[in-house]
């Protein structure tokens, strides 16, 4: 499998201060990579560099020519004040193909309908985005990412703030897209339990570095206890990994 | 009454042009939560006018309309440029920067006018003199605001996308900073020209209240622009028509009407149960 994206000795940050240094990894075609780590560790920074919206302070990010990303931002980043229908939002994923000053045409509307069908919500096409539940909104944002026919689907915290059912459905949908369409997926999440059971490889962001490995190399008690500074246990239940953080030993809390 | 209104018809045309122009741009201003950028740019524009008058009084600058509008344009576009590229954000919260600009520009405008040899009253900047609009100024407003509206009509898709989700727009190759800059510059141009006749309060009103009405009533972006324009036209016509027979200041009457229309829109939205 050829590498679609390659990071070589990359330092990333905002202003002059680096958030991450010496980042070296590749995303081969057909990969399902989860990027995990504590809050504020720089997970989103990595995908910004991958998408080209953040330039590296040092090193190089190389992408295959003609590579198209389908980006699914964090749900709360999408403003619900805008009076936009689901269809309007999905078609935005094709705006880079529509010439400046032109309106979307029948082909764009057809592609939007197909993308909504792929994520299972064609009936929401005319609904206002702000009236949707978190899970529905996330499906719409995935449809917008798919409508541009991407090579790589990049998701930033796709299940943040969702209940158990919506989380399972969204992650199942992403895995189906990977399995059935052969789509390369890069997913950022702080939820270890979710990532551990869906992805092929994990990139753990910790102390300004990215540590890459298989799920069992990263999701184990030794590594996670070190990263999170807490005793962490990893259990397996019916083929699923369950990560549990224990409260550190100390005086009993009165709260 | 109709004869008196006919006498001031240029003022009505002027108010309508300014109202429609600001109503369209105001939709972005409200949606992007940059309402006070509009206020700060209007104050910068008034400071530019005051600077031109003060320099003119000292004999260092021309004193006719072209000089005041030129200075107002330079100062307002400077502000638009600053806000458009997110100036000062590294050191200061964006809203704080807007507040500082607003306060300093307002004070500077008043101080310069107080010391200007021509001694114009400073409240003209707050209330404007909408009734004093001439045919020439109406044509000038149309010549400036018309192309801005055409540009916004042509690029509505792009302006909406970069306003709604700039990060995704950037991943699709949109140069978001440049689009923001273009949006701010068009707002700056309209404000600089509108300020000459409408004053800070009326311009600020037209940038905010019609858009709020539009967004309360609309279920689509097209609807938001349509309702916003309609409410600006309604408030201008009714406010203007009432102000003359009732001997009320025209600008504040139009603003009161805009407020009333927004209140009705809020009630309609509430009764829809949304």
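The values are calculated or read from the model by the stated rules, or taken from the named source; none is laboratory data. No experiment lies behind these values; they were computed from the predicted model shown. No Cβ is skipped: glycine too gets one built from the backbone with ideal geometry, and neighbour counts run over all protein chains shown.
With in contact with a strand residue (DSSP E or B) (Cβ under 6 Å, 6 or more places away or on another chain), over 26 Å from residue A:181 (Cα atoms) and away from chain B (no Cβ under 12 Å) as the only criterion, which of A:59, A:34 stands out? Write out each step before concluding.
Values: A:34 fails: over 26 Å from residue A:181 (Cα atoms).
The match here is A:59.
Can you confirm whether residue B:99 is more than 16 Å from the chain's Cα centre (by Cα) and surrounded by 24 or more Cβ atoms within 10 Å (Cβ to Cβ)?
Working: more than 16 Å from the chain's Cα centre (by Cα): yes; surrounded by 24 or more Cβ atoms within 10 Å (Cβ to Cβ): no.
For residue B:99, the condition - more than 16 Å from the chain's Cα centre (by Cα) and surrounded by 24 or more Cβ atoms within 10 Å (Cβ to Cβ) - is not met.
Kindly provide the set of residues from the stretch A:68-82 that are modelled with pLDDT under 85 and either facing chain B (nearest Cβ under 7 Å) or in a loop (DSSP other than H, G, I, E, B) (or both), ordered by number. Spell out the reasoning first.
Residues of the stretch A:68-82 modelled with pLDDT under 85: A:75-80.
Answer for the stretch A:68-82, where residues must be modelled with pLDDT under 85 and either facing chain B (nearest Cβ under 7 Å) or in a loop (DSSP other than H, G, I, E, B) (or both): A:77, A:78, A:79, A:80.
Do we have residue A:65 as out of contact with any helix residue (DSSP H, G or I) (no Cβ under 9 Å at 6 or more places or on another chain), free of Cβ contacts under 8 Å to residues at least 12 places away in the same chain and away from chain B (no Cβ under 14 Å) here? Working first, answer last.
Working: out of contact with any helix residue (DSSP H, G or I) (no Cβ under 9 Å at 6 or more places or on another chain): yes; free of Cβ contacts under 8 Å to residues at least 12 places away in the same chain: yes; away from chain B (no Cβ under 14 Å): yes.
Considered against the rule, which asks whether it is out of contact with any helix residue (DSSP H, G or I) (no Cβ under 9 Å at 6 or more places or on another chain), free of Cβ contacts under 8 Å to residues at least 12 places away in the same chain and away from chain B (no Cβ under 14 Å), residue A:65 comes out as yes.
Return the pair list, or none, for Cβ contacts closer than 8 Å from residues in the stretch A:94-113 that are in contact (Cβ under 8 Å) with a residue 40 or more places away in the chain to residues that are assigned to a loop (DSSP other than H, G, I, E, B) and exposed (fewer than 14 other Cβ atoms within 10 Å of the Cβ), at least 6 apart or on different chains.
A:96/B:173
Output yes when any residue across the stretch B:220-239 is under 30 Å from residue A:131 (Cβ atoms) and not in a helix (DSSP H, G or I), and no when none is. Show your work before the answer.
Applying the first criterion (under 30 Å from residue A:131 (Cβ atoms)) to the stretch B:220-239 yields B:220-235.
Of the ones still in play, those that are also not in a helix (DSSP H, G or I) are B:220.
Yes; the residues of the stretch B:220-239 include at least one that is under 30 Å from residue A:131 (Cβ atoms) and not in a helix (DSSP H, G or I).
Mind telling me which of the residues B:214, B:259 ends up being surrounded by fewer than 21 Cβ atoms within 10 Å (Cβ to Cβ) and modelled with pLDDT of 95 or more? Spell out the reasoning first.
Numbers: B:214 fails: surrounded by fewer than 21 Cβ atoms within 10 Å (Cβ to Cβ).
Checking each option against the conditions leaves just B:259.
Being modelled with pLDDT under 95, at positive phi and either over 16 Å from the mean Cα position of the chain (by Cα) or assigned to a helix (DSSP H, G or I) (or both): is that true of residue B:188 here?
So residue B:188 does not fit the description; no.
Give me the helices (runs of 4 or more DSSP H) completely within the stretch A:97-208, filtered to those with at least 3 residues that are crowded, with 20+ Cβ neighbours inside 10 Å and within 14 Å of chain B (Cβ to nearest Cβ), ordered by residue number. Steps first, answer last, please.
Details: elements: A:106-118, A:134-147, A:164-181, A:192-196.
Filter on the stretch A:97-208 gives A:134-147.
Have a look at B:236, B:228, B:220 and point out the one that is crowded, with 24+ Cβ neighbours inside 10 Å and within 14 Å of chain A (Cβ to nearest Cβ).
B:228
Condition check: within 13 Å of chain A (Cβ to nearest Cβ) and either without any contact (Cβ under 8 Å) to a residue 24 or more places away in the chain or over 9 Å from the mean Cα position of the chain (by Cα) (or both). Does residue B:209 satisfy that? Lay out the reasoning, then the answer.
Values: within 13 Å of chain A (Cβ to nearest Cβ): no; either without any contact (Cβ under 8 Å) to a residue 24 or more places away in the chain or over 9 Å from the mean Cα position of the chain (by Cα) (or both): yes.
The answer is no for residue B:209.
Mind listing just one residue for me: the one in the stretch A:4-18 that is away from chain B (no Cβ under 14 Å) and at pLDDT 90 or above and, of those, farthest from residue A:211 (Cα to Cα)? Talk me through it step by step, then tell me what you get.
The initial filter retains those residues of the stretch A:4-18 that are away from chain B (no Cβ under 14 Å), namely A:4, A:6-12, A:18.
Subsequent filtering for residues that are at pLDDT 90 or above retains A:4, A:6-12.
Values: A:4: 19, A:6: 15, A:7: 13, A:8: 14, A:9: 13, A:10: 13, A:11: 14, A:12: 15 Å.
Per the criteria, the residue is A:4.
Consider only pairs whose beta carbons are under 8 Å apart and that are at least six residues apart or on different chains; among these, list those whose first residue lies in the stretch A:239-255 and is more than 15 Å from residue A:221 (Cβ to Cβ) and whose second residue is at pLDDT 80 or above.
A:240/A:197; A:247/A:230
Quick one: would you say residue A:93 is within 14 Å of chain B (Cβ to nearest Cβ) and either closer than 23 Å to residue A:149 by Cα or surrounded by 15 or more Cβ atoms within 10 Å (Cβ to Cβ) (or both)?
Values: within 14 Å of chain B (Cβ to nearest Cβ): yes; either closer than 23 Å to residue A:149 by Cα or surrounded by 15 or more Cβ atoms within 10 Å (Cβ to Cβ) (or both): yes.
So residue A:93 passes the test.
Looking at (1) surrounded by fewer than 21 Cβ atoms within 10 Å (Cβ to Cβ); (2) within 14 Å of chain A (Cβ to nearest Cβ), find the lone condition where residue B:185 falls short.
(2)
Show the residue pairs meeting these rules: Cβ distance below 6 Å; 6+ apart or different chains; first residue within the stretch B:240-262 and on the phi > 0 side of the Ramachandran plot; second residue part of a helix (DSSP H, G or I).
So the pair list comes out empty.
Please work out if residue B:150 is away from chain A (no Cβ under 14 Å), within 19 Å of the chain's Cα centre (by Cα) and surrounded by fewer than 23 Cβ atoms within 10 Å (Cβ to Cβ). Spell out the reasoning first.
Values: away from chain A (no Cβ under 14 Å): no; within 19 Å of the chain's Cα centre (by Cα): yes; surrounded by fewer than 23 Cβ atoms within 10 Å (Cβ to Cβ): yes.
When the stated conditions are applied, residue B:150 does not pass them.
Return the residues of the stretch A:47-56 that are within 14 Å of another protein chain (Cβ to nearest Cβ) and in contact (Cβ under 8 Å) with a residue 40 or more places away in the chain; say none if nothing qualifies.
Kept after step one, since they are within 14 Å of another protein chain (Cβ to nearest Cβ), are these residues of the stretch A:47-56: A:47-55.
Once the filter is applied, which keeps residues that are within 14 Å of another protein chain (Cβ to nearest Cβ) and in contact (Cβ under 8 Å) with a residue 40 or more places away in the chain, the stretch A:47-56 yields A:47, A:49, A:50, A:51, A:54.
For the stretch B:153-172, give me each residue that is more than 8 Å from chain A (Cβ to nearest Cβ) and either under 18 Å from the mean Cα position of the chain (by Cα) or more than 21 Å from residue A:69 (Cα to Cα) (or both).
Listed by number, the residues that qualify are B:153, B:156, B:159.
I'm trying to understand the selection: among the residues of the stretch A:1-23, which are out of contact with any helix residue (DSSP H, G or I) (no Cβ under 8 Å at 6 or more places or on another chain) and either touching a residue at least 60 places away in the same chain (Cβ under 8 Å) or not in a strand (DSSP E or B) (or both)?
Result: A:1, A:2, A:3, A:4, A:15, A:16, A:18, A:21, A:22.
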